[in-house]
Amino acid sequence: MAVDVYAQAGQWDKVLELARQQGPAAVHLYAANHAAKLVSEGRFKAAVSILAQHGCEAAPSVFPLLRRVSQEVLAMSEEKLGDDAGAASATGGYQLTGPAGADGLPFVSLPAAMDALKRVLLAVLAGVTANNSAAITTAEHAAAVTELRRFASVAHLFATREKAKASGALPIAAKLSMALLRASNLLPVDRAFLEAGNACRALSDKAPAWHSNALVFYNRFIDLHDAISDPEMGNITNKDFEGTDIPSPYDMPLPSRHCVPSALAEEVRDWVLEKIADGEQRLAQRRCENCNKDTYAANLACFTCRAKHDECVVTGWPVLKATAVQCGGCGKKANRLDWNEWVDAKKACPWCDAAQKPQY
Ligand SMILES: [Zn+2]
Ligand SMILES: [Zn+2]
């Protein structure tokens, strides 16, 4: 068929034009083929952007493609982030603009790719679990669905954190950076702790708890940075994180590269040495509404009684009974103050983008 000839030749615009005449199933098929081709070239962000643009079939046959793309985008495998990084990441940021590919596909920034990834995954998950539940026939499929749901949630937290940073909603950005530590086994782990430290440090003159958090996250970051530099010498203790749902560094492989320029790591080390006496090195706690014991503030389950909470769609923190509100569009939950701050500024639910109002 002509369409396959164009696909062979990499003329994807022509492919899609012809596929459109055959209907949505053909568009989805060729979009998935194009995405698979991009994945084979290591262009994961472009792949997810193609799937977001043209849609993706909601069937287990695409699960392996989605899994690969999710893992690579979350792991930031295309980003230049260590000492070879350009000006953008020397300051700790991501490259937000860049040249189009040789095939004319536009540059895709990491925050845009995270947003696209979430949308692709949610659309596929909605498809396979609703009208097409016959598609999920094996335990393997069911496990894949659970995993893809987790990738969608992490991509959501990441994309929302970048939006919060861009609009100056710093406490929300800091909470999201802390929530993302639960997924530090999917993200570059040194960077995840650096970003949590940075976000808490930016608020450290607002309340002592932020300062204490910054010290804990920065210390873990420095330990990781040193262990990546010299795995023989690495000496990471997990004491500060006992009782949290943040994965232990012993349960994940040490990254093979630094995801932070070394000058930035030295700046953090100096800050910690200077400020360590100004505060306690202890993670923020909350009083559990079920058992009344203290537990790490961002834990989704109480460490003592294991009472579980939904993840707030604005911050990724536990939704507490006393402050729970619900989106009128998707039914997802949030804590009232964070929800109101977000919706007041953005006029929409961060999860489903439906127009929403503050709730009092
Ligand atoms: Zn409890
Ligand atoms: Zn919603």
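The values are calculated or read from the model by the stated rules, or taken from the named source; none is laboratory data. Not measured: the values here are computed from a predicted model. Heads up, the Cβs are rebuilt from the backbone with ideal geometry, glycines too, and the neighbour counts pull from every protein chain shown.
If Asp338 satisfies every condition in (1) in contact with a Cys (Cβ under 9 Å, 6 or more places away or on another chain); (2) in contact (Cβ under 8 Å) with a residue 40 or more places away in the chain; (3) more than 22 Å from Met114 (Cα to Cα) but one, which is the exception? Every condition holds for Asp338 apart from (3). Residues in the range 327-360 that are surrounded by 14 or more Cβ atoms within 10 Å (Cβ to Cβ) and of a type in the set (Gly, Ala, Ser) were compared, and the one that is nearest to ligand 2 (Cβ to nearest atom) is Gly329. Scanning the range 208-238 for residues that are under 23 Å from Pro318 (Cβ atoms) and loosely packed, with under 15 Cβ neighbours inside 10 Å yields one hit, Pro208.
Taking first residues from the range 225-244 that are assigned by TED's automatic domain parsing to the domain that holds Pro255 and partners that are surrounded by 15 or more Cβ atoms within 10 Å (Cβ to Cβ) and hydroxyl-bearing (Ser, Thr, Tyr), the Cβ contacts under 7 Å between residues at least 6 apart in sequence or on separate chains come to Gly243/Thr295; Gly243/Tyr296; Thr244/Tyr296.
When Leu264, Leu320, Leu283 are checked against the criterion of being on the phi < 0 side of the Ramachandran plot, more than 16 Å from ligand 2 (Cβ to nearest atom), touching a Phe, Trp or Tyr at 6+ places or on another chain (Cβ under 7 Å) and in contact (Cβ under 8 Å) with a residue 24 or more places away in the chain, a single residue qualifies: Leu283.
Here is the figure for the range 263-312: residues that are charged (D, E, K, R) and not in a helix (DSSP H, G or I) total 11. Does at least one position in the range 340-356 carry a residue that is over 30 Å from Glu232 (Cβ atoms), within 16 Å of ligand 1 (Cβ to nearest atom) and within 22 Å of the chain's Cα centre (by Cα)? Among the residues of the range 340-356, not one is over 30 Å from Glu232 (Cβ atoms), within 16 Å of ligand 1 (Cβ to nearest atom) and within 22 Å of the chain's Cα centre (by Cα), which makes the answer no.
Here is a yes/no grid of residues against (1) farther than 16 Å from Leu110 by Cβ; (2) in contact (Cβ under 8 Å) with a residue 60 or more places away in the chain; (3) in a helix (DSSP H, G or I); (4) touching a Gly at 6+ places or on another chain (Cβ under 7 Å):
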position	(1), (2), (3), (4)
Val3	yes, no, yes, no
Tyr6	yes, no, yes, no
Val15	yes, no, yes, no
Leu18	yes, no, yes, no
Arg67	yes, yes, yes, no
Val73	no, yes, yes, no
Gly82	no, yes, no, no
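Annotation note: Cβ proximity below 9 Å between a residue of the range 26-53 that is assigned by TED's automatic domain parsing to the domain that holds Arg67 and a residue that is surrounded by 24 or more Cβ atoms within 10 Å (Cβ to Cβ) and among the charged types (D, E, K, R) (sequence gap 6+ or interchain) occurs for Leu38/Lys45. The residues of the range 313-360 that are among the basic types (Lys, Arg), farther than 23 Å from Leu121 by Cα and not in a helix (DSSP H, G or I), listed by number, are Lys347, Lys357. Reported count of residues in the range 20-46, each being part of a helix (DSSP H, G or I) and over 18 Å from Phe107 (Cα atoms), is 12. Restricting the first member to the range 120-149 and to residues that are within 10 Å of Ala59 (Cα to Cα), and the second to residues that are loosely packed, with under 15 Cβ neighbours inside 10 Å and modelled with pLDDT of 95 or more, the beta-carbon pairs closer than 8 Å and six or more apart or on different chains are Leu125/Arg149. Hey, does the range 269-283 have a residue that's under 22 Å from the mean Cα position of the chain (by Cα) and under 30 Å from Asn340 (Cα atoms)? Yes, because at least one residue in the range 269-283 is under 22 Å from the mean Cα position of the chain (by Cα) and under 30 Å from Asn340 (Cα atoms). The residues of the range 295-315 that are in contact with a helix residue (DSSP H, G or I) (Cβ under 9 Å, 6 or more places away or on another chain) and within 15 Å of ligand 2 (Cβ to nearest atom), listed by number, are Glu311, Cys312, Val313, Val314, Thr315. Screening the range 301-339 for residues that are within 16 Å of ligand 1 (Cβ to nearest atom) and of a type in the set (Gly, Ala, Ser) and picking the one that is farthest from the chain's Cα centre (by Cα) gives Ala322.
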